[in-house]
Structure formats: structure tokens, C-alpha cells
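The values are calculated or read from the model by the stated rules, or taken from the named source; none is laboratory data. Please read all numbers here as calculations on a predicted model, not as lab measurements. Note that each Cβ is placed from the backbone with ideal geometry, even for glycine, and that neighbours are counted across all protein chains shown. The protein model used for the area step is the full one, side chains on, heavy atoms only, and it has no ligands, DNA or RNA in it. Shrake-Rupley method; radii C 1.70, N 1.55, O 1.52, S 1.80 Å.
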Amino acid sequence: MAKKLRKAVDAQINKKVFRGIFLTILWSAGILFFISILFDFSFYDPIEPSRYAKESEEGYIVHSDFHFLMDIYTGLHFTGKSYWPLEELNKNEGFGSYKMYAKIQDIYESLHVDGRYNTIFEIKQNRFFIESLTDDNHLSRYIWDFYNDSKWKSEIDYVSDLMDMDEKRMAEIEKLPESAVIYATISFDKVRNLNDTLEFMRSYPDSSFGWIALDSDVQFTRGTFDGIRLTSNLGYSLKEETKEKYPYLTLQYLSEKTTAEQLEQCYLSRLQILYDNPEFLKAVEHESIFYNNDAIGKQEQIKNRLGEINTEGLWSIGLYGEITKNDFLAMVEKGEITYAMIKDVKLSVLSK
């Protein structure tokens, strides 16, 4: 009888212990779940569907907020870079932490839509981290990709020596076969307005230009430039209110009908849409690739840039392009360009 009573008592105790443990685990899980939701609500959510793009005809959102804005951001600040998001891989890891995946490459490199990525963006409670999966860091800003005598010669002769198309460099280019194409950033003999820039580009129809570098004195780091990317991988379907507020925001390609006014409005719209998204800007400011900690915030820098344009207008300092050998030689011989930074050379447009 005593044994049965003891067993019954032990069973009741064990039942209460197990129930207590279960309730504790359940309660802790509930608290963690609530904290995770609170963090997700309190911090920037990059997976949130973009407010600017339409849904697809099938009813699903094509672009997340982060990828939509990052495509615009990279097109502004990184010479000749294209952006391809992998929306299906977006991850919400809880507690305000997210992982976003993208393929970033040169605009003249063939895009393979194969589900592969080379860059991971990690946003942890508004702190921003980038992991590049290749040796080439696709989001590095180059200093002195472009150069102009009238602005800097007396201070940085070493840059002009590096980029000067002197007799030795020109002799090497002349040795190339007639079918050769040169991938280079070229600097104008003097800054040009967008009308003159378009005229220059159209005077060399056998070459392709994918990025216009714009002159500015309000960049974070001297010798860096922002610009207008002239191509895009993404065919955005924008809402009507987006088109009205940010005219010519997207530019799929440059056509014969594209005007200087449209290019200027495109650039201004891209600056403005970033300015109107301070959460995004604050997130990327935590990554040194985008932000100099000794400088003002990115939103303030955009404000200053818009003021500079309003006062001084919009001026181009050069172009990034795929240039034929003959066109390159002609530009130098005419004195239209004096400086260039050659990125790559292919013996033919058919070369891989």
C-alpha cells in the first residue's frame, strides 16, 4: 500500500515537473517570438515589398524594397556595375536580421540568370554587412577613375601620369588588331553638359557607352564620382504615382530619342528616391564601402548634391564604355580625351 502511494505521489510530482518545464519552454519561446516580432517591427525591413513597383500579372511582388533601392544605389555610385537580385532567396532570420542575395557584375559582362549569386547583404538591426563570394569586390569605389587637368593638375600629378595617354600607351593600342575593343573610363578634355555629352557619344556609333560620370565637389571622398547608368537588367513595372513623382527613374537603354533633359531628370529622380528613403540610407551607412564615418550622413550628402546641381547645373567629366580601337585612337587624336583608365581589352567583340 505504501509503495503504491509513493508511486502515485512520485507520478504526480514528475507530472508537475514536466508540466512546469514544458510551460517554461513554451513561455520562453513565446517571449522570444514576441521579441523577434518587435525587433522586425522596430528595424528596417529590407524584404518588405517595394512601394514603387507594381505586382506582376500573377499577383506576386516582383521586387523587394531593398533590392529595388540597391539597384538604383549601385547604378549611381559604382562605375559600370549591373545589379541582379535573387528575390527568391531573401531570408528573414528573426530579431531584425535579414539576408539578401544578388549578382553584381560589369554591365558589359554577360548576365547568366542561373540562380547563382556573388554578393550577400546582411542587415542586422540596421547594421549592414557585405560578403563578396569572389576575389573581386564588386562594390568598391575607385578613386580617380576620371581626371581633368583644369580641376586637379597642380595637386595630383601622379594621377595624370597614371592615366595620361602618352606615346608609349598609344603605341600599344596601335598594335591591337582592327577588331579590338577597349573597356575604359575616358575623361573629357573639359567638363561637358549633357547635351554635349550625348553629341559626343552619338559621334561614335560603333562604340557603346554605359555610364556617364558626373562632376561634383560634394562627394564623400575626393576623386570619386557618381553618375548615370544607361542600361538596366531589370524591367521595372512602376506604379503611376511613382512615374509621376520620379520621372524617368528607370532607363532600360539609351536610344536616339533620349534627350539631355530626360537624362538629367533620371539622375535627379534617382537621387530624390534615395533621399526619400532614410531607413535604407541609414542601413547602408554602417558599411564602410558606402560611407566615410568622418563624413556627414548620406541623406545630407544627397541634399547638398541637389543644391549643387540647382546652383551650378549638371556636368559630365567622362564616360565608361566599350570602345573600338579606331574610335579610341580618334578621340585621342582629336584632343577630346587626354586621360583614360583601361580596364580590359578584347581582340574582338566576339571574344568571351
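Within region 234-261, restricting attention to residues that are free of Cβ contacts under 8 Å to residues at least 60 places away in the same chain and polar (S, T, N, Q), the residue that is most open to solvent (accessible area, probe 1.4 Å) is GLN252. Looking across region 328-349, just one residue is part of a loop (DSSP other than H, G, I, E, B) and free of Cβ contacts under 8 Å to residues at least 60 places away in the same chain, and that is LYS334. Within this structure, LYS99 fails the test of being farther than 26 Å from LYS245 by Cβ, among the basic types (Lys, Arg), at pLDDT 85 or above and out of contact with any Asp or Glu (no Cβ under 7 Å at 6 or more places or on another chain). Scanning region 131-170 for residues that are assigned to a helix (DSSP H, G or I) and modelled with pLDDT under 80 yields a total of 10. The residues of region 211-233 that are buried (at least 17 other Cβ atoms within 10 Å of the Cβ) and either small (Gly, Ala, Ser) or touching a Gly at 6+ places or on another chain (Cβ under 7 Å) (or both), listed by number, are TRP211, ILE212, ALA213, LEU214, SER216, GLY227, ARG229, LEU230, THR231, SER232. Pairs linking a residue in region 215-229 that is closer than 13 Å to TYR147 by Cα and touching a residue at least 40 places away in the same chain (Cβ under 8 Å) to a residue that is open to solvent by less than 10 Å² (accessible area, probe 1.4 Å) and in a loop (DSSP other than H, G, I, E, B), with Cβ atoms under 6 Å and 6 or more positions apart or on different chains, are PHE225/PHE146. Among the residues of region 262-299, those that are modelled with pLDDT of 80 or more, open to solvent by 30 Å² or more (accessible area, probe 1.4 Å) and not aliphatic (A, V, I, L, M) comprise GLN262, GLU264, GLN265, GLN272, TYR275, ASP276, PRO278, GLU279, LYS282, GLN299. Among the residues of region 41-50, is any at pLDDT 80 or above, closer than 30 Å to ILE317 by Cβ and among the hydroxyl-bearing types (Ser, Thr, Tyr)? For region 41-50, residues at pLDDT 80 or above, closer than 30 Å to ILE317 by Cβ and among the hydroxyl-bearing types (Ser, Thr, Tyr): absent.
Listed by first and then second residue, the pairs linking a residue in region 187-212 that is touching a residue at least 12 places away in the same chain (Cβ under 8 Å) to a residue that is in a loop (DSSP other than H, G, I, E, B) and among the acidic types (Asp, Glu), with Cβ atoms under 6 Å apart and 6 or more places separating them unless they lie on different chains, are ASP189/GLU336; VAL191/ASP215.
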